[in-house]
Amino acid sequence: MKNKIKFNNIFIFLILISVAFSCQSDDDMPTETPISVSFEVIISEGNTLRVLANNTSTGIGGLNSYWQFTENGEVVADQAGPEMYLYSASGDYLITLTVEAPNGDIQSSQTITITGEDYVPPALKDATSSFSVGMAVRSNRLTGQHNEVLVRDFNNITAEYEMKMDQIFKAENNMDFTASDKIVDYGIANSMDIHGHTLIWHNATPTWVENFSGTNAEFETMIETYITTVVKRYAGKVRSWDVVNEAVEDGSNSLRNSVFKLKMGDDYIEKCYQFARNADPNALLFYNDYNITFDAGKQASVFALVDDLKSKNLIDGIGAQMHISIDFPTKAQIESVVNGTISRGLLIHFSELDVRVNPNNDITSLTEEREIAQQNKVKEVVEIYDAIPNANKFAITIWGMRDSESWLPDFWGNPEWALLYDDDFKPKKAHNGFLEALD
Ligand code: XIL
């Protein structure tokens with residue numbers, strides 16, 4: 001790849017004002033260490049609106065200090081490590097560091113010039129031709145800056161939730177395709193692959209389906225009608241489908257006791273794949289699940305399930321959901337699901353990638369250290385994917401655009417910064433980690 005990025009080479013821009021100050025002047029008092037207040041400012045190369053201010057003062061141990069970045073007059077307590085501040089616009093800004101010394105406040109100030117001229121990294125989708133790069137989308141996030149990032153970086157989209165059964169199958173004789181059509185039309189208009197997610201998922205089943213009062217045979221016909229209608233509607237448009245999602249229990253070799261298993265029998269999965277295959281023989285059919293990298297029992301039962309479908313030519317690939325953290329699962333664990341999939345001659349989709357930086361809930365804002373750890377984990381994941389034989393490659397899909405749009409804070413109840421763009425749509429270091437892996 002040309003234009004190699006050295007994100008680590010953030011340049012040190014303006015530096016070091018020192019104010020030497022002697023605390024004591026009386027001759028009869030002991031001499032104390034002079035206080036010297038200074039700081040350096042680093043402007044991020046990836047986002048020139050973002051600065052890191054690093055307190056380099058000496059002799060201030062135990063004294064409180066705080067920052068003012070001028071833009072909104074806010075006073076920010078100085079913490080260990082560099083303080084990150086994001087300006088909203090270009091301009092000249094006075095940054096002041098104040099130390100509360102025993103004989104009165106000591107300040108150091110410097111004006112910095114924020115240009116807002118952002119370094120534009122190469123597009124993710126242009127970094128490889130052997131697999132596509134996907135993003136989870138919503139029908140109301142396809143315009144403006146969402147659109148700009150989508151068309152620049154991605155050539156595959158997955159509906160984050162609007163193609164699930166509870167969104168489409170409103171009642172037995174009522175399927176609502178308003179949102180799903182919008183997403184599919186958008187993908188087609190922008191020449192993107194569209195991954196259908198998901199026909200059957202125990203967590204997105206409409207209440208009326210859960211409480212279905214007809215016979216088991218009627219239930220099965222109703223499900224066949226649903227899968228057939230949806231898959232036929234998008235035949236030739238939706239290239240691939242997660243037919244069944246998350247059917248295997250955690251840590252075990254048994255299937256979840258979903259309403260589908262209850263009413264259609266233990267072979268409900270095979271039936272659903274057959275309905276999908278019949279409806280669009282050209283669509284690629286995937287089984288998608290989470291924790292199959294490190295949960296050995298679950299991985300084994302997913303492989304057994306998939307082997308059975310493969311023997312009947314009903315499956316084309318496995319989706320390994322990549323809801324991971326900066327330090328877990330390990331490279332070897334991720335490779336285990338990759339190798340098992342390759343040995344079965346199937347496609348592998350790294351679906352739903354997000355990388356938690358705060359799994360232990362011990363930070364309240366994104367630190368430089370965690371952002372770098374996230375960059376390294378994304379790089380590792382993409383390197384693993386890139387090493388897969390081309391015949392088994394499919395796509396890596398990222399589960400949401402901006403950090404604030406991720407499903408994770410709601411799901412875990414922790415603050416998180418798990419995605420590749422900050423809240424200003426600016427690529428984070430993790431975005432660069434993706435590119436570095438393909439360099
Ligand atoms: C999540 C979406 O991100 C949320 O917006 C929605 O409310 C619930 O589903 N496994 C999956 C995805 O297969 O469909 C889930 O997506 C996340 C877990």
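The values are calculated or read from the model by the stated rules, or taken from the named source; none is laboratory data. All of these numbers come straight from a predicted model, not from anything done at the bench. Here the Cβ positions follow ideal geometry from the backbone for every residue, glycine too, while neighbour counts run over all protein chains shown. Areas reflect the complete protein model, heavy atoms only, side chains present, ligands, DNA and RNA absent. Shrake-Rupley method; radii C 1.70, N 1.55, O 1.52, S 1.80 Å.
The table below lists the values:
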item	result
Tally, over region 371-403, of residues that are out of contact with any Phe, Trp or Tyr (no Cβ under 9 Å at 6 or more places or on another chain) and either within 16 Å of the ligand (Cβ to nearest atom) or over 16 Å from residue 357 (Cα atoms) (or both)	5
Count of region 226-252 residues which are charged (D, E, K, R) and either within 16 Å of the ligand (Cβ to nearest atom) or touching a Ser or Thr at 6+ places or on another chain (Cβ under 8 Å) (or both)	4
Checking residue 267 against (1) over 18 Å from residue 286 (Cα atoms); (2) more than 26 Å from the chain's Cα centre (by Cα); (3) surrounded by fewer than 13 Cβ atoms within 10 Å (Cβ to Cβ), the condition it does not meet	(1)
The lone exception for residue 251 - which of (1) at pLDDT 95 or above; (2) touching an Asp or Glu at 6+ places or on another chain (Cβ under 7 Å); (3) farther than 15 Å from residue 184 by Cα it fails	(1)
Only listed residue being of a type outside the set (Asp, Glu) and either part of a loop (DSSP other than H, G, I, E, B) or within 20 Å of residue 195 (Cβ to Cβ) (or both), chosen from 304, 395, 373	395
Qualifying positions in region 213-239 - in contact (Cβ under 8 Å) with a residue 12 or more places away in the chain and small (Gly, Ala, Ser)	235, 236
Matching option when the condition is charged (D, E, K, R) and either away from the ligand (no atom under 16 Å from the Cβ) or assigned to a helix (DSSP H, G or I) (or both), among 354, 362	362
Residue check for residue 324: outside any loop (DSSP other than H, G, I, E, B), within 14 Å of the ligand (Cβ to nearest atom), in contact (Cβ under 8 Å) with a residue 24 or more places away in the chain and in contact with a Leu (Cβ under 7 Å, 6 or more places away or on another chain)	no
Residues (within 16 Å of the ligand (Cβ to nearest atom) and among the acidic types (Asp, Glu)) located in region 287-319	289, 295
Yes/no for residue 117 being closer than 30 Å to residue 97 by Cα and part of a loop (DSSP other than H, G, I, E, B)	yes
Residues that are surrounded by fewer than 19 Cβ atoms within 10 Å (Cβ to Cβ) and either of a type in the set (Phe, Trp, Tyr) or within 16 Å of the ligand (Cβ to nearest atom) (or both), drawn from region 415-436	425
Residue list for region 310-350, filter: among the aromatic types (Phe, Trp, Tyr) and more than 21 Å from residue 133 (Cα to Cα)	328
Matching residues, region 166-185, being in contact (Cβ under 8 Å) with a residue 40 or more places away in the chain, open to solvent by 70 Å² or more (accessible area, probe 1.4 Å) and touching a Phe, Trp or Tyr at 6+ places or on another chain (Cβ under 9 Å)	172
Residue, farthest from residue 352 (Cα to Cα), within region 133-146, restricted to residues that are open to solvent by 10 Å² or more (accessible area, probe 1.4 Å) and away from the ligand (no atom under 12 Å from the Cβ)	144
Filter pass, residue 371 being under 15 Å from the mean Cα position of the chain (by Cα), open to solvent by less than 60 Å² (accessible area, probe 1.4 Å) and under 22 Å from residue 156 (Cα atoms)	no
Cβ pairs under 6 Å, 6+ apart, first in region 251-269 and closer than 15 Å to residue 216 by Cβ, second hydroxyl-bearing (Ser, Thr, Tyr)	260/268; 261/268
Tally, over region 72-103, of residues that are assigned to a strand (DSSP E or B) and small (Gly, Ala, Ser)	3
Subset of region 377-410 [surrounded by 17 or more Cβ atoms within 10 Å (Cβ to Cβ) and of a type in the set (S, T, N, Q)]	392, 397, 406
All positions within region 288-346 that are among the acidic types (Asp, Glu) and open to solvent by 50 Å² or more (accessible area, probe 1.4 Å)	307, 308, 327, 335
Residues satisfying the stated conditions in region 147-165, i.e. among the acidic types (Asp, Glu), more than 10 Å from the ligand (Cβ to nearest atom) and either open to solvent by 10 Å² or more (accessible area, probe 1.4 Å) or without any contact (Cβ under 8 Å) to a residue 24 or more places away in the chain (or both)	148
